[in-house]
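Here, each number is a calculation from the coordinates, and none is a lab measurement. On a predicted model such as this, the values are computed, not experimentally measured, just so you know. Here Cβ is always computed from backbone atoms with ideal geometry, including for glycine, and neighbour counts include all displayed protein chains.
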Ligand SMILES: NC(=O)c1ccc[n+]([C@@H]2O[C@H](COP(=O)([O-])OP(=O)(O)OC[C@H]3O[C@@H](n4cnc5c(N)ncnc54)[C@H](OP(=O)(O)O)[C@@H]3O)[C@@H](O)[C@H]2O)c1
């Protein structure tokens with residue numbers, strides 16, 4: 001099968017389109033014919049060989065986010081049948097190999113695609129959507145009427161976090177440059193702040209929850225936006241010196257978070273799609289062979305919504 005493989009750590013030129021052996025589903029696993037694969041910032045951090053992503057060993061096939069069609073099921077799988085349309089973020093942060101024509105992974109790491117989504121949109125949902133869902137619902141436990149600040153609201157995670165927080169009944173404030181404020185409003189943001197010209201910490205006060213994806217000195221600045229007892233959940237915080245000490249001083253909570261594969265979370269996201277409370281904005285679609293270009297784009301940090309690779313030929 002065709003796959004994007006990497007043999008050495010380094011730049012986008014390390015991504016090679018190669019032929020590798022098709023995986024086979026083990027017990028409890030499904031084999032998915034991948035139609036589209038989502039691209040995330042962690043893909044290029046991984047390519048560069050940074051930090052915790054070194055759990056992968058070279059050579060490996062890239063990618064985690066996949067949408068496609070179940071081609072076969074392993075022993076004991078009852079959740080899916082061949083022909084089902086599924087999406088998921090299997091194995092993260094271990095190797096999943098989603099930038100490839102087939103993926104074999106635990107059935108519980110996938111969910112049925114809602115009919116409202118095409119394959120490209122479904123491939124953009126798992127990693128970013130699970131991050132938003134797990135941070136907001138499982139960690140911060142957002143409830144009706146709470147003030148939620150999404151720092152980095154226009155990106156893959158942020159644009160979904162706005163919608164998940166709105167679906168929980170929150171008042172949502174999103175940060176992005178001004179050219180993206182109309183986009184944030186369309187997604188449901190109640191207030192927008194241009195972080196390029198305003199001090200977000202000074203402008204936003206009394207937040208119950210901050211979802212920190214970008215900016216704000218990796219969460220240190222954003223702590224000041226919280227009311228006493230509020231919580232900051234950061235995709236960056238694990239590496240921020242002084243964050244927990246400052247949170248203690250302010251009487252707020254702060255935690256880093258790393259997304260988990262989670263079929264139930266995917267089903268919750270699919271339900272939001274079915275009830276028209278969540279949509280995925282695909283910024284750009286590229287063919288699998290242009291994975292290097294997709295990495296260059298995601299590394300620029302300007303994507304509105306998601307970048308997706310079309311894996312199936314003719315998709
Ligand atoms: N810990 C986890 O489990 C986890 C999971 C997913 C992602 N992450 C991390 O979270 C970050 C966001 O991921 P993503 O997928 O949403 O990225 P993304 O799709 O690449 O985000 C791009 C968007 O970020 C915005 N942005 C860039 N710098 C900003 C800043 N200083 N303040 C506000 N917005 C800014 C840009 O909007 P403007 O043009 O308006 O700047 C752009 O629209 C990445 O660092 C990623 O690695 C962590």
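Projected onto their three principal axes, the Cα atoms of region 10-65 cover extents of 33, 23, 20 Å, largest first. Note on 64, 133, 9: ascending count of other Cβ atoms within 10 Å places them as 9, 133, 64, the fewest first.
A full extension of the chain between residue 116 and residue 21 corresponds to an added length of 30.9 nm, given 0.36 nm per residue minus the alpha carbon distance.
Between helix 263-274 and the chain there is an angle of about 80 degrees, using the helix long axis and the longest principal axis of the Cα atoms.
Rounded to two decimals, the Cα-based Rg/Rh of the chain, with Kirkwood Rh, is 0.97.
Computed from the C-beta positions of residue 143 and residue 8, the FRET efficiency with R₀ = 51 Å rounds to 0.60.
Mean separation of Cα pairs under 8 Å and 6 or more residues apart, divided by the residue count, gives the chain a relative contact order of 20 percent.
What is the extension gain from residue 55 to residue 75, computed as 0.36 nm multiplied by their sequence separation minus the C-alpha to C-alpha distance, in nm to one decimal? Computed gain between residue 55 and residue 75 is 4.4 nm. Largest mean-square fluctuation among 255, 179, 143, in a Gaussian network model of the chain whose springs join Cα atoms under 10 Å apart, belongs to 179. I need the calculated FRET efficiency for the pair residue 186 and residue 293, taking r as the beta carbon distance and R₀ as 30 Å, to the nearest 0.05. Once the sixth-power term is evaluated, E becomes 0.65.
Sort 78, 192, 46 so that the residue with the fewest other Cβ atoms within 10 Å of its own Cβ comes first and the one with the most comes last.
With the fewest neighbours first, 78, 192, 46 line up as 78, 192, 46.
Please check: in the Gaussian network model of the chain (C-alpha springs, under 10 Å), which one of 297, 226, 58 has the largest mean-square fluctuation. Ranking 297, 226, 58 by mean-square fluctuation puts 58 first. The gain in end-to-end length when the residue 48 to residue 194 segment is fully stretched comes to 49.5 nm, 0.36 nm per residue minus the alpha carbon separation.
Please say if region 1-132 is rounded, prolate or oblate, where rounded means a/c under 1.5 for a ≥ b ≥ c the square roots of the C-alpha gyration tensor eigenvalues, and otherwise the choice is prolate for a/b larger than b/c and oblate otherwise?
Working: a/c = 1.81, a/b = 1.48, b/c = 1.23.
Judged from the Cα gyration tensor, region 1-132 comes out prolate (a/c at least 1.5, a/b above b/c).
Fewest neighbouring Cβ atoms within 10 Å first, the residues 75, 99 line up as 75, 99. Our summary of shape: the Cα atoms of region 106-147 have principal axis extents of 33, 24, 14 Å, ordered from largest down, in whole angstrom.
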